[in-house]
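Structure first, commentary second.
The values are calculated or read from the model by the stated rules, or taken from the named source; none is laboratory data. Worth saying up front: this structure is predicted, and the values here are computed from it rather than measured. Every residue, glycine among them, receives a Cβ derived from its backbone with ideal geometry; neighbour counts consider all protein chains shown.
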Amino acid sequence: MKRLARASLQSAANLIFFAVIGTAVLASTFFLTHDEIVKSEKAEKLKLITQIVPPTLFDNDIIQDTLDIPATDLLGTEDITTAYRARLKGEPSAVVLESVAPDGYSGKIWLILAVRANGELAGVRAVAHKETPGLGDYIELPKSAWIKGFDGKSREAYKDADWKVKKDGGQFDYMAGATITPRAVVKAVNKALQYFAANRDTLFAANTSSPDKGRSGGVKEKQK
């Protein structure tokens, strides 16, 4: 009986020993690789952002100059998202927003878009979706140049009636047999521009002490 108890204690001690060693190894690996992981994530974000915000539009650290944006219907979001602010010589240049089109053919379509300080779109990209391959996936830039059709567009030049696909009487092209997907994207981009217009000053503010509590949702500064 004593021998069995000693064996059990020894096994428990061995398990604790290896657990401690394993935890120490994992912790060491985390601390050794954390900085590299952060740098890699920053590089990937910057790579995506510079697709829609040319480097000539900013001289600040756009990855660090961010705002937390609460969930809002105008962006189609259900959680806090991040806005990235571009500045050139200290002046607002553009802001990158995350948006979600909830009504794609196969569900939600996640987008990012850059809006210049004057309200014009610098670019839009689809970053995730479940649209039909070979049909609705032409919203992806590698598959088609369709998404570039938003470049330079604004609510100043296009009224609400224009922010539709041509089949619905609007100004945007679409591929025959795949109308639902572009219709959802155009609608989402228009609503995102409405959000920008309603929150422009706050989005570009150097300091934000409290979020706007208006219909379109406020913004809270995350880091200068």
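Filtering the stretch 73-95 to residues that are over 14 Å from the mean Cα position of the chain (by Cα) and either surrounded by fewer than 16 Cβ atoms within 10 Å (Cβ to Cβ) or not hydrophobic (A, V, I, L, M, F, W, C) (or both) leaves ASP73, ARG87, LEU88, LYS89, GLY90, GLU91, PRO92, SER93. One residue stands out in the stretch 160-173 among those that are in a loop (DSSP other than H, G, I, E, B) and in contact (Cβ under 8 Å) with a residue 24 or more places away in the chain: the one that is surrounded by the fewest Cβ atoms within 10 Å (Cβ to Cβ), namely ASP173. Evaluated against (1) within 17 Å of the chain's Cα centre (by Cα); (2) more than 23 Å from GLU78 (Cα to Cα); (3) surrounded by fewer than 16 Cβ atoms within 10 Å (Cβ to Cβ); (4) not hydrophobic (A, V, I, L, M, F, W, C), ARG116 falls short on exactly one condition, (3).
Per-residue answers, yes or no, for (1) part of a strand (DSSP E or B); (2) touching a residue at least 40 places away in the same chain (Cβ under 8 Å); (3) within 18 Å of PHE204 (Cα to Cα):
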| site | (1), (2), (3) |
| --- | --- |
| LEU75 | no, yes, yes |
| VAL95 | yes, yes, yes |
| GLY119 | no, yes, yes |
| ALA126 | yes, yes, no |
| TYR158 | no, no, no |
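Yes or no: ARG116 modelled with pLDDT of 95 or more, in the same structural domain as ALA198 (by TED's automatic domain parsing) and farther than 25 Å from LYS45 by Cα? No, not satisfied. Please determine, by comparing only the residues of the stretch 101-111 that are crowded, with 23+ Cβ neighbours inside 10 Å and under 13 Å from the mean Cα position of the chain (by Cα), which one is farthest from ALA145 (Cα to Cα). Within the stretch 101-111, the match that is farthest from ALA145 (Cα to Cα) is ALA101. Restrict the check to the stretch 177-186 and report whether at least one residue is of a type in the set (D, E, K, R) and over 21 Å from THR72 (Cα atoms). The answer is no, given that none of the residues of the stretch 177-186 is of a type in the set (D, E, K, R) and over 21 Å from THR72 (Cα atoms). Of the residues examined, ARG155 is not one that is farther than 30 Å from GLY177 by Cα, among the basic types (Lys, Arg) and not assigned by TED's automatic domain parsing to the domain that holds LEU46.
Counting residues in the stretch 131-150 that are assigned to a strand (DSSP E or B), touching a helix residue (DSSP H, G or I) at 6+ places or on another chain (Cβ under 7 Å), surrounded by fewer than 20 Cβ atoms within 10 Å (Cβ to Cβ) and not aromatic (Phe, Trp, Tyr) gives zero.
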